[in-house]
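K.L.:
Structure provided below as C-alpha cells; questions to follow.
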Amino acid sequence: MNELRKILRYDFISAVPVTGTFCGIALAVCLITALFGLPLGLVSFPLAAVFFASAKELSKSSDVIEGVLPASRNSFIRSKFAELTLSFLAGGAMAVLFYLLSCLKLLTGLLPEKLEHSVRAMDGFLDTAGVTMPKLCGIIVIFSAYFCAVIAAAIMVMELCRHKWDTVIMAAMGLATLILLSVFVDKTAELPIRTVIIISAASFLGSLMISLICCQVTCRISKDLEI
Amino acid sequence: MENILEINGLCKSYEGFALRDVSFALPKGYIMGFVGQNGSGKTTTIRSILNMAHPDSGKISVFGLDSRKDSVKIREGLGIVFDSLYLADHLDAKHIEMQLRPFYSDWSKEEFFRRLKAFGLPDNKPVGEFSKGMKMKLMIAAALSHNARLMILDEPTSGLDPVARDELLDILTEYIEDEERSVLFSTHITADVERIADFITVLHNGKVWFSGTKDDLAESYVVLKGSEEDLPAAVREKCIGFHGYRNGFEALLPTDHLAGLPGELEHEKASIDEILVYIAKEDKNERASQDTAV
C-alpha cells in the first residue's frame, strides 16, 4: 500500500505541471458557471480522463522506470488501475455535484436578462426531452462507470498483449462505445427514473468490481512478463 | 574480498540471441568494466540484474540478496544510469527530487541539490532540455543522493563529448573512494575502461570471454606479428583472430604460448580494444571456414 501511495504521488507530480493548471481553471469555470445555473460541470468527467491519461503517460520517459524504482511490479500495475478508477469515478461524482449545484441557480439572478432567460430555457428543453435532474445525474454516473470499466479492461488486454495491439484495442473499444452510447441515449428517455438510478448504482459498483478484477488478473499474469 | 555482485551460470535466450552460462563477480570497492561488442549481451545481463529480464537459469545475487526474490530491496541500494534518461523529461530537477524522495529511505534532499550544484545542473529547467552529459550527471546525482552502494551504468559514455566523459569517469573514481561502493560499467568504449576499471569482464556472443583484473587481462594476451612462414603450426592454432597480409600476419595470442616462439616474430602487449577486435576477427574467420567447408 505504501508503494502504491508513492507511485500515485510520483505520477501526480508528473501530471500537475502539464495538466494541473488547465484542469484547475476548468474546474473553477465549472464551479462559477454552476453557481449561475449553467451545467457546464458535466465536462469535469472528460477532464478527469484527460488528467488520468496525462498522469500515466507523462510520469516517465520509458518503462525502464519500473525496473529502476524500488517498488514491485504489482504496485506499478495497481497504480494504473487506481488512477483510472479514482479519476473516472471522481470525475463522474464531480459532474453530478456541479450539476446539482447548477440546479440551485444560486447566482442566476445576477445574469443579464437575456442570458438568464436562456438558462431557464435549458431546463425546459431537458424536460421536453424527458430528461429530469435525477435521470441526468444517473446517466453521468453510468457514463463514467462505463468508461472506467472499459478502460480497465483495455489496460488489462494491452498489458497482457505487451502493447502490441494497442491501436486495434483502442479502435475496438471506441467502436463498441459509440454503438452502446447511441443505443443507450435512444432508450434513456423511455426509462423510468427508478430504473436509471438502479442502473447507475449497479454500474458504479460494477465498474469498481471490473477494475479490481482486471487489476488482479493483470498483476497475476504480468508477474512473469519482462519489462 | 566481499562481493557486492555475483552472477553464476546466467542463461537467457531470446529469438536469435542467448546468454550462455554467464558468471562473474564484482568485489566491494572496485570498478568493473563490462565490455563487449554491440549485441554481445551486456544490456541483457544488466536487465537480468535489475529483474527486468527473467533468466532461464542461473543465480544473480546483489548485496547477498537474490535478484528475483528481493528485487525491491536490491533496487533501493542501486544507482542506475542508462544511456538515455528514464525520468519524466518535462519536469525540472526540483520536481524530480520530489518524485524520487519517497522511494528511498536514505534519500538526502541536501545531497541531491549539493550534487546538482557541484555538477553545474540547473534545478529550474526541464531535464529533457539537458544535454546528454547533463542527463548522465542528473542520474548520478540521484544515485548519490540515496547512498547507492552499487552503481550500474549501461553505455553511459556513448555519445558524450570528451570533456563530459572525463568528468563522468572522475565522478565514478571518486564514488568508490570509501571502498564500500562498487561500479559496474558497461561500455564498448574501451579507453574509458582502461582508465578507471580495476576488473574487466569481456562478453562475447553471450558468453564470458574473460573476467578478472585489468592487469591479468593485459598480461594474458599479446598481439603477435611477423611472417606466416615463421609461425609454428601448433602456435597458429592458438592464435585468435588471425589475419594474414601480403607480407605477414597479425593475431592475438595468449601469453601462455609465447615460450619457444621464433625470434623473428614480434609481440607487444594487447590493449582491450585490440582484444575485442581480434575476438571479432576470430568470429569472422570461423564463419569463413564454415562457409568453405559447406
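The values are calculated or read from the model by the stated rules, or taken from the named source; none is laboratory data. Owing to the predicted nature of the structure, the values given are computational and were not obtained by experimental measurement. When we count neighbours, we look across all protein chains shown, and the Cβ atoms used for this are built from the backbone with ideal geometry, even at glycine. In case anyone asks, the SASA skips ligands and DNA or RNA and just uses the protein heavy atoms, side chains included. Shrake-Rupley method; radii C 1.70, N 1.55, O 1.52, S 1.80 Å.
K.L.:
State the antiparallel share, in %, of DSSP beta bridges confined to chain B, rounding to the nearest 5.
P.N.:
The antiparallel fraction comes to roughly 65 percent.
K.L.:
Using the Karplus curve 6.51 cos²θ - 1.76 cosθ + 1.60 with θ = phi - 60°, work out ³J(HN,Hα) for each residue of the range A:152-159 in order, rounded to whole Hz, and write x for Gly and Pro.
P.N.:
For the range A:152-159, the Karplus-derived couplings read 4, 5, 5, 4, 4, 5, 5, 5 Hz, x marking Gly and Pro.
K.L.:
Taking the Cα centroid of the range A:191-209 and of the range B:91-131, what is the distance between the two, rounded to the nearest whole Å?
P.N.:
47 Å
K.L.:
OK, next. Exposed loop sites here are GluC sites (Glu not before Pro) in DSSP loop states with at most 14 other C-beta atoms within 10 Å. What is the longest stretch of chain B lacking them?
P.N.:
Formally, the longest exposed-site-free interval is B:16-176.
K.L.:
Can you list the HN-Hα couplings for the range B:51-56, worked out from phi with the Karplus curve (6.51, -1.76, 1.60; θ = phi - 60°), rounded to whole Hz and with x for Gly and Pro?
P.N.:
In residue order, the calculated couplings are 6, 8, 10, 9, x, 6 Hz.
K.L.:
Same structure again: Determine the share of the range B:3-217's accessible area contributed by carbon and sulfur atoms, expressed in whole percent, with a 1.4 angstrom probe.
P.N.:
44 percent
K.L.:
Can I ask one more? Using a probe radius of 1.4 Å on heavy atoms only, what accessible surface per residue do you get for chain A? Whole Å² is fine.
P.N.:
Value returned for chain A: 51 Å² of accessible area per residue.
K.L.:
Additional query: Measure nothing fancy, just the Cα-based angle from helix B:162-175's long axis to the longest principal axis of chain B, in degrees from 0 to 90, nearest 10.
P.N.:
Roughly 70 degrees between the two axes.
K.L.:
5 Å is the cut-off here: which amide hydrogens, built 1.01 Å from N in the peptide plane, fall below it relative to A:Gly37, excluding neighbours closer than 5 in sequence?
P.N.:
Amide H to amide H, under 5 Å and 5 or more residues apart or across chains, A:Gly37 pairs with A:Lys105, A:Leu106, A:Leu107.
K.L.:
Can you list the residues of the range B:177-197 with backbone N under 14 Å from a point 7 Å past the Cα of B:Asp283, pointing along Cα to Cβ?
P.N.:
The answer is B:188, whose backbone nitrogens lie closer than 14 Å to the label point.
K.L.:
Please turn the phi angles of the range A:33-38 into ³J(HN,Hα) values with the Karplus equation 6.51 cos²θ - 1.76 cosθ + 1.60 (θ = phi - 60°), one per residue in order, whole Hz, x for glycine and proline.
P.N.:
For the range A:33-38, the Karplus curve yields 5, 5, 4, 8, x, 9 Hz.
K.L.:
Taking the 0 to 90 degree range and rounding to the nearest ten, how far is the long axis of helix A:113-128 tilted relative to the main principal axis of chain A, both from C-alpha atoms?
P.N.:
70 degrees
K.L.:
Estimate for me the total accessible surface buried between chains A and B (protein heavy atoms, probe 1.4 Å, no ligands or nucleic acids), in Å² to the nearest 100.
P.N.:
Separately minus together, A and B give about 2400 Å² buried.
K.L.:
Calculate, for B:Ala118 and B:Lys73, the FRET efficiency according to 1/(1 + (r/R0)^6) with r their C-beta to C-beta distance and R0 45 Å; round to the nearest 0.05.
P.N.:
Result of the calculation: an efficiency of 0.95.
K.L.:
Something else about it: If a paramagnetic tag sat 7 Å from the Cα of A:Asn2 along the Cα-Cβ line, which residues of the range B:86-117 would have the backbone N under 17 Å from that point?
P.N.:
Answer for the range B:86-117: B:100-108.
K.L.:
Here's another thing I want to ask about it. What is the calculated FRET efficiency for A:Leu225 to A:Thr177, with r their C-beta to C-beta distance and R₀ = 22 Å, to the nearest 0.05?
P.N.:
0.20
K.L.:
If you place +1 on the Cβ of every Lys and Arg and -1 on the Cβ of every Asp and Glu, how big does the dipole about the Cα centre of the range A:97-227 come out, in debye to the nearest 20?
P.N.:
For this selection, approximately 180 debye.
K.L.:
Using modelled backbone amide H atoms (1.01 Å from N, in-plane), which distant-in-sequence or interchain residues come within less than 5 Å of B:Lys207's amide H?
P.N.:
Those lying under 5 Å, H to H, from B:Lys207 are B:Arg20.
K.L.:
Another question about this same structure. Return the long-range amide H neighbours of A:Ser72 (sequence gap of 5 or more, or a different chain), with a cut-off of under 5 Å between placed amide H atoms.
P.N.:
Those qualifying (amide H under 5 Å, at least 5 residues apart or on another chain) number zero.
K.L.:
Which distance in Å, rounded to a whole number, links the C-alpha centroids of the range B:14-51 and the range A:171-190?
P.N.:
Measuring centre to centre over Cα atoms gives 52 Å.
K.L.:
Does any residue of the range A:63-101 lose at least 50 Å² of accessible area with all protein chains in place compared with its chain alone, and if so which ones (probe 1.4 Å)?
P.N.:
Those residues are A:Val64, A:Gly67, A:Val68, A:Leu69, A:Pro70.
K.L.:
Rounded to the nearest percent, how much of the accessible area of chain A (1.4 Å probe, protein heavy atoms only) is carbon and sulfur?
P.N.:
Carbon and sulfur: 75 percent of the exposed surface of chain A.
K.L.:
Does any residue of the range A:1-49 lose at least 40 Å² of accessible area with all protein chains in place compared with its chain alone, and if so which ones (probe 1.4 Å)?
P.N.:
With the partner chains in place, the range A:1-49 has these residues losing at least 40 Å²: A:Lys6, A:Arg9, A:Tyr10, A:Ile13.
K.L.:
Under a crude label model (7 Å from the Cα following the beta-carbon direction), how far is B:Cys11 from A:Ala202 in nanometres?
P.N.:
According to this spin-label approximation, the distance is 5.5 nm.
K.L.:
Would you mind checking B:Lys59/B:Lys238; B:Lys42/B:Lys284; B:Lys132/B:Lys225 for any pair whose Cα atoms are more than 30 angstrom apart?
P.N.:
In this structure, B:Lys59/B:Lys238; B:Lys132/B:Lys225 exceed 30 Å between Cα atoms.
K.L.:
Right, next: Quick check: the angle from helix B:272-293's long axis to the longest principal axis of chain B, C-alpha only, nearest 10 degrees?
P.N.:
Once rounded, one gets 50 degrees.
K.L.:
So what is the calculated 222 nm ellipticity per residue for chain B, using -39500 (n - 2.57) for each DSSP H run with n of 4 or more, over all residues, to the nearest 500 deg cm²/dmol?
P.N.:
So the helix-based figure for chain B works out to -10500 deg cm²/dmol.
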